[in-house]
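In what follows, a single structure is set out as structure tokens and then discussed.
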Amino acid sequence: MALLSVLTPVLVVILCLVIGFMLVKSREPETTSTSQDKTKAASKSEFRPWVDQDLQDDTEITAREDEDDDWVDNEQDLPHVPYSHQRYTEETMLARSQEFYTLMNQRRSVRFISPEPVPREVIDNVIRTAGTAPSGAHTEPWTFVVVSDPEMKHQIRLIVEEEEEVNYRQRMGDKWVRDLAKLRTNWIKEYLDVAPYLVLIFKQTYGILPNSQKKTHYYNEISVSISCGILLAALQNAGLVTVTSTPLNCGPQLRLLLKRPANEKLLILLPVGYPAADATIPDLKRKPLDDIMVHI
């Protein structure tokens, strides 16, 4: 009896431990399953196949600046100068706005581009024009890579077509492919070889100063997107054509091919040149003003 009285507390403790362990184990599968279900649901709700995954790893600076001594805060003051502005009469404003609209309303995405040479100076000027775009804190977070070398253009085409075939067959989904069918597009990008120039526009997620310190680039994707819009207008003004190409899942490979640094992410690829003599375009209509503007 004395031995039993000594062992009883020990047995009770062991029994409690066994019961507790069994309860924990019984709950684990349910918790894991619930966690996995939530993860799958979140992934499904956030899945956007039309967004290049490479562009999603943008640098959110605010959380990292305090952790990394490599970042620099540029507080130098800028002198301000008088602004020179050309003001027009109302009649001239109306005429110029109508003329520019007429010019830009002729812009189309052209997939049939002539191999005819284009003066390099023209390309330089349209890139300069794109560089006049506004940017967050005037960081100018864009890099325009102009490719005219035939072999390099062909290497770009090989990378793009390989990924685009996977996009059309697997990533994009039936609905997206059906939506594109009316435009008669596919993964074959002959214009990447034919166009005299390819312009690849990279956004700089942050800047790198000569002393290797990093500089914050605010709103870098929005800034570069505005710059691309100005570039399209400059190309149209010069009498050239292009098609806005967003090479889904090609960014990292093209960045390495073109030897661009890790802080640059490919945003848009533009084949640039004159339209081919037999070029065709979809007969699309633009929305009327009342459908795109709200006047309050």
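Kindly provide the set of residues from region 212-237 that are in contact with a strand residue (DSSP E or B) (Cβ under 8 Å, 6 or more places away or on another chain) and not in a strand (DSSP E or B), ordered by number.
Let us first name the residues in region 212-237 that are in contact with a strand residue (DSSP E or B) (Cβ under 8 Å, 6 or more places away or on another chain), namely 213-217, 220-221, 223-225, 227-228, 231-232, 235.
Of everything in region 212-237, those that are in contact with a strand residue (DSSP E or B) (Cβ under 8 Å, 6 or more places away or on another chain) and not in a strand (DSSP E or B) turn out to be Q213, H217, N220, E221, S223, V224, S225, S227, C228, L231, L232, L235.
When you scan region 258-279, how many residues do you find that are part of a loop (DSSP other than H, G, I, E, B) and surrounded by 12 or more Cβ atoms within 10 Å (Cβ to Cβ)? Don't jump to the end; show me each part of the working.
Within region 258-279, the subset part of a loop (DSSP other than H, G, I, E, B) is 258-263, 274, 276-279.
Next, only the ones that are surrounded by 12 or more Cβ atoms within 10 Å (Cβ to Cβ) stay: 258, 260, 263, 274, 276, 279.
Result for region 258-279: 6.
Which condition number in (1) in contact with a strand residue (DSSP E or B) (Cβ under 8 Å, 6 or more places away or on another chain); (2) in a loop (DSSP other than H, G, I, E, B); (3) of a type in the set (A, V, I, L, M, F, W, C) is the one that L198 fails?
(2)
R255 is checked against (1) modelled with pLDDT of 95 or more; (2) out of contact with any Phe, Trp or Tyr (no Cβ under 9 Å at 6 or more places or on another chain); (3) part of a helix (DSSP H, G or I); (4) surrounded by fewer than 21 Cβ atoms within 10 Å (Cβ to Cβ) and fails just one. What number does that condition carry?
In the conditions (1) modelled with pLDDT of 95 or more; (2) out of contact with any Phe, Trp or Tyr (no Cβ under 9 Å at 6 or more places or on another chain); (3) part of a helix (DSSP H, G or I); (4) surrounded by fewer than 21 Cβ atoms within 10 Å (Cβ to Cβ), R255 misses (2) alone.
When you scan region 204-224, do you find a residue that is touching a Pro at 6+ places or on another chain (Cβ under 8 Å), farther than 19 Å from I123 by Cα, surrounded by fewer than 19 Cβ atoms within 10 Å (Cβ to Cβ) and of a type in the set (A, V, I, L, M), even just one?
Looking for residues that are touching a Pro at 6+ places or on another chain (Cβ under 8 Å), farther than 19 Å from I123 by Cα, surrounded by fewer than 19 Cβ atoms within 10 Å (Cβ to Cβ) and of a type in the set (A, V, I, L, M), one finds at least one in region 204-224, hence yes.
If you scan region 133-190, which residues turn out to be in a helix (DSSP H, G or I), in contact with a Phe, Trp or Tyr (Cβ under 7 Å, 6 or more places away or on another chain) and without any contact (Cβ under 8 Å) to a residue 60 or more places away in the chain?
E161, E165, Y168, V177 - these are the residues of region 133-190 that are in a helix (DSSP H, G or I), in contact with a Phe, Trp or Tyr (Cβ under 7 Å, 6 or more places away or on another chain) and without any contact (Cβ under 8 Å) to a residue 60 or more places away in the chain.
The values are calculated or read from the model by the stated rules, or taken from the named source; none is laboratory data. What you see is a predicted model, and the numbers here were worked out from it, not measured in a lab. All Cβ positions, even for glycine, are placed from backbone atoms using ideal geometry, and neighbour counts span all protein chains on display.
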